[in-house]
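Notes to accompany the following structure.
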């Protein structure tokens, strides 16, 4: 009985995603034939313009159709939405396949995309070694970049942040960052 329920649930997920693709295709055709904006088409259809923009982006990203299943797992709407910002078609396909193969949720898929997992594997493949995903190296410049956003460049000069990213050791960066945050930003340039 569970197998039948799963099959029905999978079919409904496939139908829902196919419906979004169809709406994107039809709205693009209507937009092109009338010259209307997506926002105006959304008003006519009485749906959110943000939703319609996602559907049209989905259609434009997969104009020939999209993969419905990989490894007997349905490619759901959350997965599709996660890969829409990925411009490389091979990378998009890779992320969808891996997401289905490893049963990633949308948060894990989004994290892998943000970390450029696909490209890291390509680089590692060229070097004949696989990168460690679980133990990611902690780098101070990442933290310094976040602090830059908080202080908005007032205490930490941009030039110093780039020097911290590319140049000195972690301990030097740490002491310079602490000095900058305590109001002594001139030490960063020395």
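Quick test for you: out of 76, 116, pick the one residue that is at positive phi and modelled with pLDDT of 50 or more. Let's see the steps before the verdict.
Working: 76 fails: at positive phi.
Result: 116 is the single residue among 76, 116 that is at positive phi and modelled with pLDDT of 50 or more.
Among the residues of segment 41-74, count how many are closer than 16 Å to residue 15 by Cα and within 16 Å of the chain's Cα centre (by Cα).
Total satisfying the criteria: 1.
Go through segment 89-126 and report how many residues are surrounded by fewer than 15 Cβ atoms within 10 Å (Cβ to Cβ) and farther than 20 Å from residue 74 by Cβ.
12
So residue 104 passes all but one of these: (1) over 30 Å from residue 39 (Cβ atoms); (2) assigned to a helix (DSSP H, G or I). Which condition number does it fail?
(2)
For residue 2, which of the numbered conditions (1) modelled with pLDDT of 90 or more; (2) at negative phi fails to hold?
For residue 2, the failing item is (1).
The values are calculated or read from the model by the stated rules, or taken from the named source; none is laboratory data. The structure presented is a predicted model; accordingly, all values stated were derived computationally and were not measured. Note that we place each Cβ from the backbone using ideal geometry, even for glycine, and neighbour counts take in every protein chain shown.
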